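Chemist: Here's a structure for you.
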Amino acid sequence: MSSPKTLYDKIWDAHVVSEADDGTCLLYIDRHLVHEVTSPQAFEGLRMAGRPVRAPEKTVAVPDHNVPTTPDRVNGIDNEESRIQVEALEKNAEEFGIEYYGVNDVRQGIVHIIGPEQGWTQPGMTIVCGDSHTATHGAFGALAHGIGTSEVEHVLATQTLIQKKSKNMKVEVTGELPAGVTAKDITLSIIGATGTAGGTGHVIEYCGEAIEGLSMEGRMTLCNMAIEGGARAGLVAPDQKTYDYLKGRPHAPSGSDWDAALAYWKTLYSDRGAQYDRELVLDAAEIAPVVTWGTSPEDVLPITAKIPAPEDFEGGKRDAVARSLEYMGLTPGTALEDVAIDTVFIGSCTNGRIEDLREVARIVEGKKVKDGLRAMVVPGSGLVRQQAEEEGIAEILKSAGFEWRMAGCSMCLAMNPDQLAPGERCASTSNRNFEGRQGRGGRTHLLSPAMAAAAALTGRLTDVRAL
Amino acid sequence: MDKFTTLTGVAAPMPLINVDTDMIIPKQFLKTIKRSGLGKNLFDEMRYDDDGNEIPDFVLNKPQYRNAQILVAGENFGCGSSREHAPWALLDFGIRCVIAPSFADIFFNNCFKNGILPIVLPQEEVDKLMADAERGANAVLTVDLENQTIQGPDGGEIAFEVDAFKKECLLNGLDDIGLTLQKVDQIDAFEAQYAKQAPWL
Ligand code: SF4
């Protein structure tokens, strides 16, 4: 009998085309997702070398980072550089025969939302995209990670990637999540425990009862931020929830293919006795709703805590904390719940799915967003938006005072018109709180959709359990 | 990537040290969607005045160097950011070879990925070539990668070192993609067997 393998080992082994003596492998890629920002030079490179895309049918393209999220975008994109990038993607997709969801297609949305939504993402696959949050797709038990522009070109031309294998890391979350605690709180708490370099060089497999208990949406939120923990990718073994989510999606297998695929997917789990290079166990009962206070995703604390002081830290982190508190305009000792906010952003590839919007609607139904607060909901895709409208969620959000936007990356990053002004403070369901990430001088507090909804109602960071 | 075998061309002298990637291609040109077309902005801030007019004194604006294919430069050429736009801009202008006493590491590697040969020579040798280059269009250099030699305008020969693997890639015009495409049979075979195993993909 062969030695026990982890889920990562199994997926890796199934995709090795060739291996050099030093362990460098040529890895076959099943899906390549492409967006407008990191792909233009890659297509240009193909054109200059006269090379075709090797497997256009395994490639899909969508504009998301640059697109405005106001309805008037049907008339075109004002910003010239953004418009040119989006037009270039459309032209490249057409020229190379790649499926493309244009700005006015209801299927358009954030690349990591539409991959699963359209059934492009499936268990056991290798998936790449010129974007670090490709880790999201690991929720389906797919090996998914971000790549650079020269690698985008490499995959387009060869459908392979030159890679060395990472190490295996297991993160087990035991027990049941308390009320008011969500996937976002788990993923942020893990980063808080390990640091942003904690997963470096590893592929994380998330397991345990609390992970099994998550919906597919929750698992996507979890894996999405594997990258903030420094890992190359995150993985959750597929189960009945995975199969149920995929069944009937446009690009999911059907008929006898479905049966064959399902039989294969059922072999995708870590064998008993499989070896991990690192293991971490968290007790779900001890996870609270959390919020970040600094400018690194590891600067995270339960909402009931107080802002720490630089002296609470050691070494280089001490200076970093001093700098980040100054940037954030926060004083040590202040209760997190006393921090007032100007803006609430609900969206992004971390939390822009239907379940996230349902959660927000449940909390704000019949209530009003705090006076003077700017609160926006940006669905992750046109189809999420449509479904929310059909379910009456959009109405609830609008009557509570939220702006109801078109799909895109929006205020997750300052690359389109949705940005924070200098000094503005935002409760955000996105994934990065770096300086300037949401706009020059903007201040970001990362939290779950439920916590963002609570903050929208009170105008300050708020414990959703107390509402 | 174009092959690099032998190159005979005019060498432009640039005796500056620490030429950084921001000088080679300033950051306002990084928003482009292309890697071609950067040649006109190569050394933009040294080459044009604030109104966009050419500065006649700048070496690449002088008639005898407008078609230069070789750059002879001072030490630590290409320092600064990792932008691949720097070799892209050189290449687009027509420069295929840079000769200097030393290079910044990332830039050095980026050159090979883009079909540009960076040659490291001792300062005295660079000085000699710099003097040749000062003589303008009458002083062509011939760079022979196979034999690892540079022939000066007066027949003198200078030998240079180059990593064997990188040399191989340049001689055959192989970038990472080119190298992987040499294994196309293996990829084909993998794909065929994989399609049987997982026909739904
Ligand atoms: S939503 Fe944010 S993190 Fe996700 S792909 Fe867009 S910019 Fe990146």
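The numbers here are math on the coordinates, done by the rules we state, and not lab data. Everything numeric in this text was worked out from a predicted model, so none of it was measured. Reconstructed Cβ throughout: ideal geometry from the backbone, glycine too, with neighbour counts over all protein chains shown.
Chemist: If you keep only loop residues by DSSP, which trypsin sites (Lys or Arg not before Pro) in the stretch A:111-219 have at most 13 other Cβ atoms within 10 Å of their Cβ?
Modeler: Hits after loop and neighbour filter: A:164.
Chemist: Now, a different point. So what is the diffusion coefficient of the stretch A:290-466 in µm² per second by Stokes-Einstein at 10 °C and 1.306 mPa s, using a Kirkwood Rh over Cα pairs?
Modeler: For these conditions, the coefficient is 99 µm²/s.
Chemist: Please get the size of the charge dipole for chain A, origin at its Cα centre, with Cβ charges of +1 on Lys and Arg and -1 on Asp and Glu, quoted in debye to the nearest 20. Provide the component values of the computation, followed by the final result.
Modeler: Working: 45 positive and 65 negative charges, 31 e Å.
Using only the charged Cβ atoms, the result is roughly 140 debye.
Chemist: Please give the charge dipole size of the stretch A:343-467, origin at the Cα centre, charges +1 on K and R Cβ atoms and -1 on D and E Cβ atoms. Round to the nearest 20 debye.
Modeler: 400
Chemist: For peptide A:27-33, how many partner chain Cβ atoms fall within 10 Å of a residue's Cβ, on average?
Modeler: Shielding by partners across A:27-33 averages 1.
Chemist: If you average the sequence gap of Cα pairs under 8 Å that are 6 or more apart and divide by the length of chain B, what percent do you get for the contact order? Walk me through the intermediate numbers first.
Modeler: Numbers: 368 pairs, mean separation 52.8, N = 201.
Computed over chain B, the figure is 26 percent.
Chemist: Another one. List the residues, sorted by chain then number, that are 5 or more residues from residue A:424 or on another chain and whose placed amide H is less than 5 Å from its amide H.
Modeler: Distant-sequence amide H within range of residue A:424: A:443.
Chemist: Right, another one. Apply the Karplus parameterisation 6.51 cos²θ - 1.76 cosθ + 1.60, with θ equal to phi minus 60°, to every residue of the stretch B:132-139 and state each ³J(HN,Hα) to the nearest whole Hz, in sequence, with x for glycine and proline.
Modeler: So the J values, rounded to whole Hz, are 4, 4, 4, 7, x, 5, 7, 10.
Chemist: Sticking with this one: With θ taken as phi - 60° and the coefficients 6.51, -1.76 and 1.60, list the Karplus ³J(HN,Hα) couplings across the stretch A:299-313 in order, rounded to whole Hz; mark glycine and proline as x.
Modeler: 7, 10, 9, x, 4, 7, 7, 10, 4, x, 10, x, 5, 6, 10
Chemist: Separate question: What is the stretch A:311-434's relative contact order, in percent, from Cα pairs under 8 angstrom and six or more apart in sequence? Spell out each step's value before the answer.
Modeler: Details: 167 pairs, mean separation 39.0, N = 124.
Rounded, it is 31 percent for the stretch A:311-434.
Chemist: Put +1 on the Cβ of every Lys and Arg and -1 on every Asp and Glu Cβ in the stretch A:180-242; which of A:187, A:201, A:211 then has its Cα farthest towards the positive end of the dipole?
Modeler: Among A:187, A:201, A:211, the one farthest towards the positive end of the dipole of the stretch A:180-242 is A:201.
Chemist: So what is the relative contact order for chain A, in percent, with contacts set as C-alpha pairs under 8 Å and at least six apart? Spell out each step's value before the answer.
Modeler: Values: 1117 pairs, mean separation 79.9, N = 467.
About 17 percent, as a whole number.
Chemist: Same structure again: Putting +1 on Lys and Arg Cβ atoms and -1 on Asp and Glu Cβ atoms, find which of A:74, A:103, A:41 reaches farthest to the positive end of the dipole of the stretch A:35-111.
Modeler: A:41
Chemist: What aspartates and glutamates could a cross-link reach from residue B:167, if we take a straight Cα to Cα line under 16 Å and drop same-chain neighbours fewer than 8 places away?
Modeler: Leaving aside aspartates and glutamates fewer than 8 places away in the same chain, those within reach of residue B:167 are B:2, B:144, B:146, B:175, B:176.
Chemist: Longer than 32 Å from Cα to Cα, which of A:241/B:183; A:247/B:196; A:58/B:113; B:62/B:113; A:247/B:183 are they? Say none if no pair is.
Modeler: Going by Cα-Cα distance, A:241/B:183; A:247/B:183 fall outside the 32 Å limit.
Chemist: Then there is this: DSSP beta bridges in the stretch A:290-466, what fraction antiparallel, as a percent rounded to 5?
Modeler: Rounded to the nearest five, the antiparallel share is 30 percent.
Chemist: Computed over the Cα atoms of the stretch B:9-69, what is the convex hull's projected area averaged over all directions, in nm²?
Modeler: 4.8
Chemist: Using the charge dipole of the protein assembly as shown (Lys, Arg: +1 at Cβ; Asp, Glu: -1 at Cβ; taken about the Cα centre), state which of A:60, A:132, B:33 has its Cα farthest towards the positive end.
Modeler: Of the listed residues, the answer is A:60.
Chemist: Treat the protein assembly as shown as a sphere of radius equal to its Kirkwood radius over Cα pairs and apply Stokes-Einstein at 4 °C in a medium of 1.567 mPa s; give the translational diffusion coefficient in µm²/s, rounded to a whole number. Provide the component values of the computation, followed by the final result.
Modeler: Details: Rh = 27.0 Å.
Once the numbers are plugged in, D ends up at 48 µm²/s.
Chemist: Would you mind checking which residues have amide H under 5 Å from residue A:460's amide H? H placed 1.01 Å from N; only 5 or more apart, or other chain.
Modeler: It is A:341, by chain and number.
Chemist: With θ set to phi - 60°, apply the Karplus curve 6.51 cos²θ - 1.76 cosθ + 1.60 along the stretch B:30-46 and write out the HN-Hα couplings as whole Hz, x wherever there is a Gly or Pro.
Modeler: For the stretch B:30-46, the Karplus curve yields 8, 7, 5, 9, 10, 10, 8, x, 7, x, 5, 9, 4, 6, 3, 6, 8 Hz.
Chemist: Right, here's the next one. Two decimals is fine: what is log10 I(q)/I(0) at q = 0.26 Å⁻¹ for the stretch B:127-201, from a Debye sum with one equal scatterer on every Cα and no solvent?
Modeler: The computed values of log10 I(q)/I(0) come out as -1.09.
Chemist: What whole-number value in cubic angstrom gives the convex hull volume per residue for the C-alpha atoms of the stretch B:6-176?
Modeler: So the per-residue Cα hull volume is 106 Å³.
Chemist: State to the nearest 20 debye the size of the charge dipole of the stretch B:1-112 about its Cα centre, where the only charges are +1 on K and R beta carbons and -1 on D and E beta carbons.
Modeler: Roughly 500 debye for the stretch B:1-112.
Chemist: Once the convex hull of the alpha carbons of the stretch A:73-173 is built, what does its volume come to per residue, in cubic angstrom?
Modeler: In the stretch A:73-173, the Cα convex hull volume per residue is 144 Å³.
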